[in-house]
Amino acid sequence: MSVLALPPSPGDLAKARWEDIAPYFDDLAERPLDETTVESWLDAWSRLEELVTEAAAVAMIAYTIDTSDAEKEADHLRFSTEVLPRMEERSVELARRLVESGFNTPAMETTLARFRTSIEIFREANVAIFSELEELSARYQRITGSMMVEWEGQERPLPQLQPFLKSADRAVRERAFRAAASPYLDKHDDLAGLFDRMYGLRQQAARNAGFANFRDYIFPAKYRFYYTPADCERFHHAIEETAAPAVERMLAVRRKRLSLDVLRPWDLAVDPYRQAPLRPFTTTEEFVGRARGVFGKVDPALGTEFQTMIDERLLDLDSRKGKAPGGYCETLHHRGRPFIFMNAVGLVDDVMTLLHEAGHAFHAFASHSQPLIWQRHPGSEAAELASMSMELLAGPHLAKPVGYFATDEHRSAWLEHLEDILLSLVHIASVDAFQTWIYTSGDGGDAAARDAAWLRIRQRFERGVDWSGLERERVARWYRQLHIFQYPFYYIEYGIAQIGALQVWRNSRRDHAGAVAQYRRALALGAVRGLPEIYRTAGAELTFDVKVIGELVKLVEEEIERVRAELPG
Ligand SMILES: [Zn+2]
């Protein structure tokens with residue numbers, strides 16, 4: 001039997017076009033498949049996907065580090081718009097062969113369930129629809145990515161207003177808040193029109209696949225096998241009952257501390273205990289070196305993995321001209337290594353972002369022990385469980401001499417993080433409730449009805465802030481939530497993960513080493529077990545129950561009170 005030999009490394013595919021890769025897929029599509037060949041066939045297919053996805057990841061990393069280089073941009077675009085979508089199509093075909101062969105092992109059960117689902121909901125007619133949605137998504141990115149505001153006589157991109165939103169001067173904060181909202185007010189009609197088209201295409205794709213609406217389609221499409229739309233509504237309810245009033249209490253304390261009659265939306269980011277934002281580090285060497293120490297204190301093995309990332313240059317952390325915005329952790333499947341990208345400027349947020357991305361990186365290290373590429377990534381709920389748990393496991397180790405903060409600073413940073421957890425739970429519930437409304441109410445294609453629904457839902461979850469006279473700015477908030485445009489229904493995963501992470505944190509307060517060991521065992525499972533078992537292994541329960549969620553919210557609230565009492569009065 002003649003078998004096409006794979007290229008030895010992803011580097012050999014750096015300049016590949018789809019025509020260069022297609023023959024390997026042709027070979028896999030044609031090779032005889034039976035009991036005696038299926039395992040080597042699977043292995044070859046997995047190694048091919050490792051090579052191509054790593055070549056694509058390397059191209060993406062190179063581009064995001066240097067967006068001004070036209071060749072790097074072309075390489076990245078070739079992979080993201082040409083190679084990967086075509087590979088995806090061919091993968092469904094190979095998955096069908098595998099499923100039809102009857103092959104099954106316990107370690108492949110979750111993968112086969114995903115393959116079967118992809119095959120069931122695949123429709124030829126939807127290929128064109130999803131590619132049109134990709135184009136609309138790119139248009140959203142172009143419109144929002146090019147938004148500039150005039151600030152003190154200078155044109156600036158929106159993220160640069162962030163420090164001014166934290167200003168101790170209330171007038172500066174208000175100006176920054178209004179400036180940040182203004183491009184979205186200007187572009188409201190364009191973005192609404194864009195969303196109208198996305199809505200129509202998504203509902204059509206769902207109907208093509210035999211579903212009543214896009215919400216019902218997305219559950220199988222995102223392999224949500226272990227919870228239902230009704231569970232998501234239980235989550236909304238639980239957050240409304242527990243986190244929303246906790247946020248209201250928390251904001252009342254903030255209001256008093258700031259000596260204000262009412263809290264306005266521009267009063268939420270300022271630190272009421274400090275005149276100037278904390279500066280946890282000044283150089284990238286310091287940023288990285290202290291992180292190495294912090295992870296070593298969480299677990300020596302994690303410290304060693306982070307050291308490997310330093311040694312092998314798998315970190316690009318400081319903000320520089322020409323870098324794309326944001327942060328991510330990407331897995332290089334052939335090498336079995338993660339890569340972390342971010343834009344640090346020396347703030348507390350940067351430390352928290354690095355803890356988060358490092359959680360993803362440790363997940364990549366741990367799950368690489370699974371032999372096949374599909375056995376490693378368990379879906380966003382478990383992925384974010386890994387990253388959000390790391391924020392909480394590393395949080396107590398951020399004090400000097402190893403970490404970034406003097407004792408008082410550490411309290412401030414920790415308080416900010418705990419408050420963010422409660423605020424984000426409320427935000428997550430409202431975003432998911434809103435997306436549910438969009439695709440199930442029947443009125444989601446009506447721009448004015450959508451905006452009105454957002455205000456209604458926001459009112460339900462977001463309390464303690466006076467938005468009067470700012471309805472348009474409040475509406476603008478959902479247009480800024482890129483997931484609603486680009487990754488529909490991707491949001492509740494963060495909430496599910498946070499509820500798991502809070503349980504890991506609760507365990508760690510009783511037994512730090514034990515909780516970290518459970519955490520690492522859960523990460524090593526990769527995707528070979530279902531979500532409830534991954535949670536159990538991590539020492540947590542996958543739950544939507546108001547009682548359990550209420551207990552976790554109470555735990556955070558008590559910790560907030562404890563930390564606050566220790567801060568200078
Ligand atoms: Zn993440």
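The values are calculated or read from the model by the stated rules, or taken from the named source; none is laboratory data. All figures in this text were calculated on a predicted structure; none of them were measured in a lab. Note that we place each Cβ from the backbone using ideal geometry, even for glycine, and neighbour counts take in every protein chain shown. Heavy atoms of the whole protein, side chains included, go into the accessibility calculation; ligands, DNA and RNA do not. Shrake-Rupley method; radii C 1.70, N 1.55, O 1.52, S 1.80 Å.
Quick check: anything in segment 238-255 assigned to a helix (DSSP H, G or I), more than 17 Å from Val465 (Cβ to Cβ) and modelled with pLDDT of 95 or more?
yes
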**Prompt:** Among the helices (runs of 4 or more DSSP H) contained in segment 492-537, which hold 1 or more residues that are β-branched (Val, Ile, Thr), farther than 19 Å from Leu555 by Cβ and open to solvent by 10 Å² or more (accessible area, probe 1.4 Å)?
**Reply:** 531-537
**Message:** So for segment 295-313 (the condition being within 16 Å of the ligand (Cβ to nearest atom) and hydrophobic (A, V, I, L, M, F, W, C)), does at least one residue qualify?
**Reply:** no
**Request:** For Asp432, state whether it is in contact (Cβ under 8 Å) with a residue 60 or more places away in the chain, surrounded by fewer than 19 Cβ atoms within 10 Å (Cβ to Cβ) and more than 16 Å from the ligand (Cβ to nearest atom).
**Result:** no
**Message:** Among the residues of segment 401-441, what is the count of those that are within 15 Å of Ala269 (Cα to Cα) and either among the aliphatic types (A, V, I, L, M) or in contact with a strand residue (DSSP E or B) (Cβ under 7 Å, 6 or more places away or on another chain) (or both)?
**Reply:** 6
**Request:** Working only within segment 254-272, note down all residues that are closer than 16 Å to Leu422 by Cα and open to solvent by 50 Å² or more (accessible area, probe 1.4 Å).
**Result:** Leu268
**Subset tally (residues that are under 30 Å from Glu88 (Cα atoms) and within 12 Å of the ligand (Cβ to nearest atom)) for segment 370-402** = 9
**Message:** Being part of a loop (DSSP other than H, G, I, E, B), open to solvent by less than 20 Å² (accessible area, probe 1.4 Å) and of a type in the set (Gly, Ala, Ser) is the filter here; which residues of segment 393-407 pass it?
**Reply:** Gly403
**Message:** Conditions first: (1) touching a residue at least 24 places away in the same chain (Cβ under 8 Å); (2) open to solvent by 10 Å² or more (accessible area, probe 1.4 Å). His410 passes all but one, so which condition is the exception?
**Reply:** (1)
**Request:** Go through segment 167-179 and count every residue that is open to solvent by less than 30 Å² (accessible area, probe 1.4 Å) and either over 25 Å from Gln275 (Cα atoms) or out of contact with any Asp or Glu (no Cβ under 9 Å at 6 or more places or on another chain) (or both).
**Result:** 3
**Asked** Just one of Phe130, Phe115 is modelled with pLDDT of 95 or more and in a helix (DSSP H, G or I); which is it?
**Response** Phe115
**Message:** Just checking, does segment 83-103 include any residue being closer than 17 Å to Leu372 by Cα, surrounded by fewer than 17 Cβ atoms within 10 Å (Cβ to Cβ), within 27 Å of the chain's Cα centre (by Cα) and touching a residue at least 24 places away in the same chain (Cβ under 8 Å)?
**Reply:** yes
**Prompt:** Considering segment 453-472 alone, what residues qualify as being open to solvent by 50 Å² or more (accessible area, probe 1.4 Å) and assigned to a helix (DSSP H, G or I)?
**Reply:** Arg456, Gln459, Arg460, Glu471, Arg472
**Request:** Return the residue satisfying two criteria in turn: it lies in segment 335-369 and is open to solvent by less than 30 Å² (accessible area, probe 1.4 Å) and not in a helix (DSSP H, G or I), and of such residues it is farthest from the ligand (Cβ to nearest atom).
**Result:** Gly346
**Message:** Please count how many residues of segment 482-491 are open to solvent by less than 30 Å² (accessible area, probe 1.4 Å), out of contact with any helix residue (DSSP H, G or I) (no Cβ under 6 Å at 6 or more places or on another chain) and not in a helix (DSSP H, G or I).
**Reply:** 1
**Subset of segment 538-554 [open to solvent by less than 50 Å² (accessible area, probe 1.4 Å), touching a residue at least 40 places away in the same chain (Cβ under 8 Å) and touching a helix residue (DSSP H, G or I) at 6+ places or on another chain (Cβ under 6 Å)]** = Ala538, Ala540, Leu542, Phe544, Ile549, Leu552, Val553
**Fill in**
Of the residues in segment 374-392, those that are among the hydrophobic types (A, V, I, L, M, F, W, C) and buried (at least 22 other Cβ atoms within 10 Å of the Cβ) come to Ala382, Leu385, Ala386, Met388, Met390, Leu392
**Message:** Where the second residue is of a type in the set (S, T, N, Q) and the first is farther than 25 Å from Leu201 by Cβ and lies in segment 482-510, which pairs have Cβ atoms under 6 Å and are six or more apart or on separate chains?
**Reply:** Ala501/Ser389; Val504/Ser389
**Item:** Checking Gly444 against (1) in a loop (DSSP other than H, G, I, E, B); (2) away from the ligand (no atom under 16 Å from the Cβ); (3) touching a residue at least 24 places away in the same chain (Cβ under 8 Å); (4) surrounded by fewer than 22 Cβ atoms within 10 Å (Cβ to Cβ), the condition it does not meet
**Value:** (4)
**Message:** Quick test of your reading of the structure: Glu233 fulfils all but one of (1) closer than 30 Å to Ala125 by Cα; (2) among the acidic types (Asp, Glu); (3) open to solvent by 60 Å² or more (accessible area, probe 1.4 Å). Name the failing condition by number.
**Reply:** (1)
